[in-house]
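Data first, discussion second: the structure below is written as structure tokens.
The values are calculated or read from the model by the stated rules, or taken from the named source; none is laboratory data. Here the structure is a predicted model, which is why all the values come from computation and not from measurement. Quick reminder, even Gly has a Cβ in these numbers, built from the backbone with ideal geometry, and neighbours come from all protein chains shown.
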Amino acid sequence: MNYRYSPIQRTLKRIYRKFNPVPKSPWTAGHVDDICAVNLVPPQKLVDFFKDCLARLKEIKGNEVGDYFEFGVFNGNSIGSMYLAREAMGLKSTRLFGFDAFQGLPPGAEKEDAGVDKAGFSTCSFEQMQQCLLRRNVNSNEITWVKGWYNETLNDETVRKLNLRKIGLVFIDCDTYSSSKAVLDFLEPLITEPVILCFDDWKLYDLDIKGEGEYRSFNEFLESNPQFEAEEIKSYNRKSRTFLVKPRK
Ligand SMILES: C[S@@+](CC[C@H](N)C(=O)[O-])C[C@H]1O[C@@H](n2cnc3c(N)ncnc32)[C@H](O)[C@@H]1O
């Protein structure tokens, strides 16, 4: 089972997007006056989306919905929205984890995904991100930060140290094929119950039509892990896609 497009679907999507292009990120690099004001997705839209996801998980699993993992934090817009959604839903037992090197896209990013990205795109330092969260009354000390490149941090030692065992919701927003593949490989043994996986950049620069990016990593993941089934659920915008993933019975 996978979410690959047939040749006809790909052609139709190409034609449709010629007239209705998928919106691009408003900022990736260069000078910006206020990095906290760069909202890649309207914050309230994300709060509402996360609340819906948490309500869905609550229906399936009860109050212990599991933890939130975010891969790609940047200025904290999405993880801050999740923090506020968790507060609103009163789900204090859901721990929040943010994984990021805080140095933008990794070296070599321009060599994959048809060259649409560049190393250093979307750089926001850890300290700047904390300031942005403070402006939204989000206490960054209540979030566990895993700082570093994924090829150095996504390993068994991190699983052990942080006692990662029950996942609820995962926000994958690290743009490239290789980063999202590293994330999915890391998550595979941890998916022992239903989880929601959000892919923020599924259609970024038409990477799905090109067979690259998150489209490629998630389809490869499903193909090499037939023990999981995936059902698409409503996402928060046109660029992203969201799935409920469950181990098969
Ligand atoms: C598009 S931004 C995330 C946007 C954020 N979710 C928001 O709401 O604004 C992508 C982030 O992924 C991080 N990233 C991408 N690949 C990574 C890797 N291999 N290791 C660590 N961080 C990575 C970058 O540092 C950057 O902060």
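Key figures for this structure:
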{"read-out": "Residue match in region 199-206 (condition: in a strand (DSSP E or B) and not assigned by TED's automatic domain parsing to the domain that holds residue 49)", "value": "yes"}
{"read-out": "Failed item in (1) assigned to a loop (DSSP other than H, G, I, E, B); (2) modelled with pLDDT of 95 or more; (3) of a type in the set (D, E, K, R); (4) over 17 Å from residue 72 (Cα atoms), with residue 165 passing the rest", "value": "(2)"}
{"read-out": "Members of region 91-140 found to be within 11 Å of the ligand (Cβ to nearest atom), of a type in the set (Gly, Ala, Ser) and part of a loop (DSSP other than H, G, I, E, B), listed by number", "value": "101, 104, 108, 119, 120, 122, 125"}
{"read-out": "Test: residue in region 141-162 that is assigned to a helix (DSSP H, G or I), buried (at least 21 other Cβ atoms within 10 Å of the Cβ) and not charged (D, E, K, R)", "value": "yes"}
{"read-out": "Per-region count, region 48-70, residues within 16 Å of the ligand (Cβ to nearest atom) and out of contact with any Asp or Glu (no Cβ under 8 Å at 6 or more places or on another chain)", "value": "6"}
{"read-out": "Hits in region 1-15 - residues which are in a helix (DSSP H, G or I), free of Cβ contacts under 8 Å to residues at least 60 places away in the same chain and not aliphatic (A, V, I, L, M)", "value": "7, 9, 11"}
{"read-out": "Out of 184, 190, 222, 204, sole residue that is in contact with an Asp or Glu (Cβ under 9 Å, 6 or more places away or on another chain) and free of Cβ contacts under 8 Å to residues at least 40 places away in the same chain", "value": "184"}
{"read-out": "Residue under evaluation residue 168, criteria (1) crowded, with 20+ Cβ neighbours inside 10 Å; (2) near the ligand (Cβ under 9 Å from one of its atoms), criterion not met", "value": "(2)"}
{"read-out": "Subset tally (residues that are assigned to a helix (DSSP H, G or I), without any contact (Cβ under 8 Å) to a residue 60 or more places away in the chain, within 16 Å of the ligand (Cβ to nearest atom) and over 16 Å from the mean Cα position of the chain (by Cα)) for region 16-47", "value": "2"}
{"read-out": "Tally of residues being within 6 Å of the ligand (Cβ to nearest atom) and in a loop (DSSP other than H, G, I, E, B) across region 71-85", "value": "4"}
{"read-out": "Qualifying residue in region 179-194 (condition: in a loop (DSSP other than H, G, I, E, B) and within 26 Å of residue 123 (Cα to Cα))", "value": "no"}
{"read-out": "Residue count, region 85-101 (criterion: of a type in the set (Lys, Arg) and exposed (fewer than 14 other Cβ atoms within 10 Å of the Cβ))", "value": "1"}
{"read-out": "Selection from region 56-70 of residues that are in a loop (DSSP other than H, G, I, E, B) and either touching a helix residue (DSSP H, G or I) at 6+ places or on another chain (Cβ under 7 Å) or surrounded by 15 or more Cβ atoms within 10 Å (Cβ to Cβ) (or both)", "value": "65, 66"}
